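Colleague: Input: one structure, supplied below.
Coordinate-derived values only; no laboratory data. If you're wondering where the values come from, they're calculated on a predicted model, not measured in any experiment. Cβ: placed from backbone, ideal geometry, glycine included. Neighbour counts: every protein chain shown.
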Amino acid sequence: MAYAKGRPTADRGGALAELRDAISTRAVLVMVGVLLLQLGFALSYMGAFHAPEPHRIPVVVVAPEAMEKDLVARLNALPGTPLHVSTAEDRIQARARLLDRRTDAALLVDAAGRTDTLLIASAGGTSAADAATKVMQAIERTQNREMAVRDIRPPAAGDSRGLSSFYLVLSWTIGGYLAASALNMAAGSKRPTLRRILVRLTAMVPYAFVSGIGGAIIVGPVLHCLPGAFWELVGIGTLVVFASGAVGVALQSLAGTVGLGLTILIFTILGNPSSGGVYPASLLPPFWRAIGQALPPGAGTTVVRNTVYFDGNATTGALWVLGAWAFGGIVAAVLSAGLRDRRRGPRPGTEAARAATTPA
């Protein structure tokens, strides 16, 4: 037996072989993928949240006609464009726009005195309400005026920072794609046939419904975070979970294990920080501001928040987004499995296979 540096070369070869067996090329690629997801997570969250700056926060102004035009022009011309100001005819119209979610704040100018009133609805997002308040207070001070702030729709007592909607949708989206991943792993991570895809998508329906009920119970009767609208939340939760699960099924059908990473990228790395749950779009950098409401976490957060606090106003577009993701997931999953089945040909032992091999 040959020796090298005091050790048998056979032992060295065995150790190297064992190391190669333990750390295969596939394992290295998986680790690289996980590292990229980890770095993407850090980049996305810190990129979105590290320096929130107000940008075109929607505000309506009610002021005397003589000063209205000049006031709106000055507010819209502020450095950095923190506000996007429009006018309302009166207090009633301004309040209606606030509750319809067409604005984040309403400034009521008192022409007879020196104290104006700012109406906010912090249930729609405390960060946006706080940002609008701070900007307006700074402006009022420069004009030697005072400002009273009235919150006409605060969050529920158990939802003090208005984040329950975001965390509820977060739990639903993660649950949806993890359920899809569990179905994939239970089958040995094999590329599924069309029949298996249909079974998985069908299985996601009751899972999504039970998830919707569970989430509605937790934020309602258990914690009183989002009281009321119980069955509406069940329906929203079912749609959010199914959309997440359908996309997970589709991506894992298309890309195997890599599909789970892509699902995490869409829903968690990109979707959560851009959703408007922690900071609204008006406080996010341009990239996250642009994608937020086009992804399920942002659409879901908007639907939950506006359903619970604002009588379902401004939810139609977000519901269409969720429906589109669910439908797209179904179509992509079915088409990918169907095309794969066609390439594979009929399975051995089936009538189609026997017919294909029987001489004419």
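Colleague: Can you give the extra length, in nm with one decimal, that the chain gains between Met67 and Arg340 once fully stretched, where that is 0.36 nm per residue apart less the Cα-Cα distance?
Modeller: Full extension from Met67 to Arg340 adds 91.5 nm.
Colleague: Quick one: angle between helix 126-142 and the longest Cα principal axis of the chain, in degrees between 0 and 90, rounded to 10, please.
Modeller: 30
Colleague: Further question on the same structure: Give the angle, between 0 and 90 degrees and rounded to the nearest 10, that separates the Cα long axis of helix 164-186 from the longest principal axis of the Cα atoms of the chain.
Modeller: Taking the Cα atoms of the chain, the angle to 164-186 is about 10 degrees.
Colleague: Let me ask another. Would you indicate which of (1) 1.07; (2) 0.94; (3) 1.16 is the value of Rg/Rh (Cα atoms, Kirkwood Rh) derived from the coordinates of this structure?
Modeller: (3)
Colleague: Let me ask something else. Could you list Leu233, Leu335 in order of exposure, starting from the residue whose Cβ has the fewest other Cβ atoms within 10 Å?
Modeller: Leu335, Leu233
Colleague: Right, another one. Helix 65-76 sits at what angle to the longest principal axis of the chain, using alpha carbons and giving 0 to 90 degrees rounded to 10?
Modeller: Taking Cα atoms only, the helix is inclined about 30 degrees.
Colleague: Continuing with this model, one more query. Under a plain spin-label model, where a point goes 7 Å from the Cα along Cα-to-Cβ, how far apart in nm are Ala294 and Ile152?
Modeller: 3.3
Colleague: Which GluC sites (Glu not before Pro) does the range 61-132 hold that lie in a coil by DSSP with at most 16 other beta carbons within 10 Å?
Modeller: Glu89
Colleague: As a check on your grasp of the helix formula, calculate [θ] at 222 nm for the chain: sum -39500 (n - 2.57) over DSSP H runs of n ≥ 4, divide by the residue count, round to the nearest 500.
Modeller: One gets -20000 deg cm²/dmol as the mean residue ellipticity at 222 nm.
Colleague: Take the Cβ-Cβ distance between Ile217 and Ala182 as r, set R0 to 22 Å, and report the resulting FRET efficiency rounded to the nearest 0.05.
Modeller: 0.50
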